[in-house]
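Enquirer: Next up is a structure, given as C-alpha cells.
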Amino acid sequence: MADIPERFAAGRFFTPLNELEIEDFPGFSGRRSKAALTLSVLWGTTVVLHLVSWGTWLVLGLTALLTTHALRILLARPVLSPAPLPPVNHPVGHPADYSAAKNDAWETWPYVSLLVAAKNEETVIEPLVAALCQIDYPACRYEVWIIDDNSTDGTARRLQTLRDRYPQLRVLRRSAGASGGKSGALNQVWPDTKGDIIGVFDADARVPRDLLRHIVPMFDQPDVGAVQMQKAVVNRAKNLWTRGQQAEMALDSYFQQQRISLGGIGELRGNGQFVRRAALAQCGGWNEETITDDLDLTLRLHFGGWEIQFLLHPAVGEEGVERPLGLWHQRNRWAEGGYQRYLDYWRLIAQHRLAPAKTFDMAAFWVIQYGLPTVALPDFVMAVLRHRLPLFLPVSSLALTLSMVGMFCGLRRTRQQSVWVSGLQTLWGNLYMLHWLLVIATMTMRLSVRPKRLRWVKTTHLGSEDDIQVDLP
C-alpha cells in the first residue's frame, strides 16, 4: 500500500496538516460569528437583488451556470469498480478453524482493521460482531475492534461473551470521563490497529460477507485515500419515513457516483467508510471538534490530495429512523456538521486549495443544499411585499428537477424493481425531502445566535428484523 502519492506531495494540491486548522473570518471569531455574518450577507443580498433592476438577470445567469453543471453530472458515466478478489471460502463454523485454511498467497493481501464505536447497543451488537467476524476474507488478514463507549446496558456483557467466541475480536471499554464522542472513541483505538486499511461501521450495520473482497481492490490506485459504500435502509418497509430515507439514500448514491466521475467531491458517510491508514495519519485522525466526523474527514482528505471513491455494490445496511422527532434530531446534526465544514475551512476553499473541478462542485452543491433554503424566507417575504414571484424560483426549479431525476435514476441503479415502482417512490421521496428546507433554514439561524457547542445525540437502534438484500449484483 502506498503512502502519500508523489504526484500530490510535489504538486500544488498537497496541503500540510498544520494548514488544515479551523480559520476565522477577518474580525469574526468562532462558528457563531461566522454563521451570523454568512446569514446576514445572504439575507441582505437577497433583499438587494429584489430591489435592483438587474437582480433577475443575475439569478438567471446563476441558474444557467448551475444548469450546465447539472447536465454534465446527469450525462456523466460512472467509474466502474475493479474486479473483486477471489472468494476465500474459509469455514463458517468456529473461527478457530480459519487458521487451518490459511494460504500463503493471502500474505500479500492488505491487512484491514474494522472499527465500531458502540454505546448502549445491546440490541444490535451481537449480530454485527458475528457478521464482521465471518467476512469472506482471510481471518489472518483482518481484525475487528469494538469500542464500548462506557455503555450502561448489557453491551459490555455481550461483548465479553463474543470475545471468547471470536479470536479476531478486540474490545476496548472507554472510561466514563472519555470525551470526543464517536471521533474520540475511534482516535483512541486506530493508532493501535494493524490495518493498512481502516473501516468504520455503525453499530446497526448489516454487513455483506463479500464486502472486503470488493473494497480492497479499490485501494490499488495510490491516490485513493478512502472508499464509501452505498448505504441502504434495512427497515425501509416500516413506514413512510423509512421509505423516504431509502429514496434519499438512492439519491445520495447516484450523485456520489456522478460527481466523482467528473472529478468532483466524493464524500464519506460514516457507516461503511474505509480509509487508507497513510491518509488518516496525514489528517491526524478524526476531528473531535465537529459533530459529523465523516464530513469533516472528507474535506481533510481532499485537501491532502487524496481521492474518495464510491462502491455501489454490495451495500451496507442500516436502520432508518422510524419516528419524526428522531429524524428531526438526526437531520439537524447532519445539516449542522455539513455547514460547519464551510465555516471551518473557508480559507482553503476560497484559495482554491482543491482542484478547480472540486472547488466548483462544492460551490454548486452549497448553493443548492444550503444557499437556497437559507434565502427562502427573505425571498418569500420580498416576493409578497413586491407582488412578484420569488426571485430564486428558477434555481429552486432546477434543484427540484435534479432531485427528481437523480432519485429516479438512483432507485433504478440500486434497486431491482419496475419503472412504475421507482416512479412512485421518487414522488414520495421528493415530498419527504422537503423537510430539508425547514432543517437547513432553522439550522442556519440557530447556529447564528446560539453559542457554539458540541453535542452528540445518539440515534437509538432497535434491532429491526425487517431486512433487505444488501449485496445486490
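The values are calculated or read from the model by the stated rules, or taken from the named source; none is laboratory data. A quick note: this is a predicted structure, and the numbers were derived from the prediction, not measured. For neighbour counting, all protein chains shown are included, and Cβ atoms are generated from backbone atoms with ideal geometry for every residue, glycine included.
Enquirer: Collect the residues in segment 123-147 that are among the hydrophobic types (A, V, I, L, M, F, W, C), closer than 15 Å to Thr193 by Cα and modelled with pLDDT of 90 or more, keeping them in residue-number order.
Expert: Scanning segment 123-147 gives Val144, Trp145, Ile146, Ile147.
Here's the yes/no breakdown for (1) surrounded by fewer than 21 Cβ atoms within 10 Å (Cβ to Cβ); (2) of a type in the set (Asp, Glu); (3) more than 21 Å from Asp294 (Cβ to Cβ):
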residue: Tyr111; (1), (2), (3): yes, no, yes
residue: Ser151; (1), (2), (3): yes, no, yes
residue: Phe201; (1), (2), (3): no, no, no
residue: Asp204; (1), (2), (3): no, yes, no
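Enquirer: Yes or no: segment 384-405 includes at least one residue that is within 17 Å of Glu248 (Cβ to Cβ) and of a type in the set (Gly, Ala, Ser).
Expert: yes
Enquirer: For segment 171-188, which residues satisfy the criterion of being charged (D, E, K, R) and surrounded by fewer than 18 Cβ atoms within 10 Å (Cβ to Cβ)?
Expert: Answer for segment 171-188, where residues must be charged (D, E, K, R) and surrounded by fewer than 18 Cβ atoms within 10 Å (Cβ to Cβ): just Arg173.
Enquirer: Shifting gears a bit: Please indicate, with yes or no, whether at least one residue in segment 62-76 is of a type outside the set (A, V, I, L, M, F, W, C), assigned to a helix (DSSP H, G or I) and closer than 30 Å to Phe219 by Cβ.
Expert: Checking segment 62-76: at least one residue is of a type outside the set (A, V, I, L, M, F, W, C), assigned to a helix (DSSP H, G or I) and closer than 30 Å to Phe219 by Cβ.
Enquirer: Just need a number here: residues in segment 295-317 that are touching a strand residue (DSSP E or B) at 6+ places or on another chain (Cβ under 6 Å) and either assigned by TED's automatic domain parsing to the domain that holds Thr359 or not β-branched (Val, Ile, Thr) (or both).
Expert: So the count comes out to 9.
Enquirer: What are the residues in segment 217-241 that are within 14 Å of Arg415 (Cβ to Cβ) and among the β-branched types (Val, Ile, Thr), if any?
Expert: Val233, Val234
Enquirer: Now for a different question. Among Thr444, Thr460, which is the only one that is out of contact with any Lys or Arg (no Cβ under 7 Å at 6 or more places or on another chain) and modelled with pLDDT under 90?
Expert: Thr460
Enquirer: Of the residues that sit in segment 287-312 and are in a loop (DSSP other than H, G, I, E, B) and β-branched (Val, Ile, Thr), which one is modelled with the highest pLDDT?
Expert: Thr292
Enquirer: Within the bounds of segment 335-352, is there any residue that is within 24 Å of His435 (Cβ to Cβ) and either assigned by TED's automatic domain parsing to the domain that holds Gly406 or among the acidic types (Asp, Glu) (or both)?
Expert: yes
Enquirer: Filter segment 373-408 down to the residues that are assigned to a loop (DSSP other than H, G, I, E, B) and of a type in the set (A, V, I, L, M, F, W, C), then identify the one that is surrounded by the fewest Cβ atoms within 10 Å (Cβ to Cβ).
Expert: Looking at residues that are assigned to a loop (DSSP other than H, G, I, E, B) and of a type in the set (A, V, I, L, M, F, W, C), I get Leu389.
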